[in-house]
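Encoded as structure tokens, the structure appears first; notes follow it.
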């Protein structure tokens, strides 16, 4: 998605951008993301003094793999977007300045959109909060079946005490 500086400069109230963007790297680089629809971007760009502000919302349907039970599930992802751009030649930017310097007339928004969506994704996606996961012994999905495996672990330092308790 390309935003041209002069298109915004010519409009005193700014411009609205309603577009979709494909972000295949998010699926390719993240093992827990199975598929993702094109992200819908509803943005507003406006020039305020020498800073081009771009604000709005991003939305996409994402198919995740649950990190506990490994089943695929679909969820809607929503993220707020807010970036500030400034022409690189117009001012010297301080290190703590949050504005992004731009050379030329065009701004490629895709990397910034991708970053916001990536930050909005869950670190460990769960199909539901009470997901029981997989049995570590037999591998059965505990959400669907109950297994008879003993999964309690005894600290190896206390294993001899457990043997004493079993003898009595």
What length, rounded to one decimal in nm, is gained on full extension from residue 55 through to residue 115, with 0.36 nm per residue of separation minus their alpha-carbon distance? 20.2 nm
Figure the gain on full extension for residue 161 and residue 34 (residue separation times 0.36 nm, minus the Cα-Cα span) and round it to one decimal in nm. 41.0 nm
In degrees rounded to 10, the 0-90 angle between helix 110-120 Cα long axis and the longest Cα principal axis of the chain is 30
Summing -39500 (n - 2.57) over every DSSP H run of at least 4 residues in the chain and dividing by its residue count gives a helix-only mean residue ellipticity at 222 nm, to the nearest 500 deg cm²/dmol, of -5000 deg cm²/dmol
Could you work out how much longer the chain between residue 15 and residue 126 gets when fully extended? Use 0.36 nm per residue separation minus the Cα distance between them, nm to one decimal. 36.2 nm
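Each reported figure results from applying straightforward, stated rules to the coordinates on display, with no laboratory input. Quick caveat, the model's predicted, so the values are computed rather than measured.
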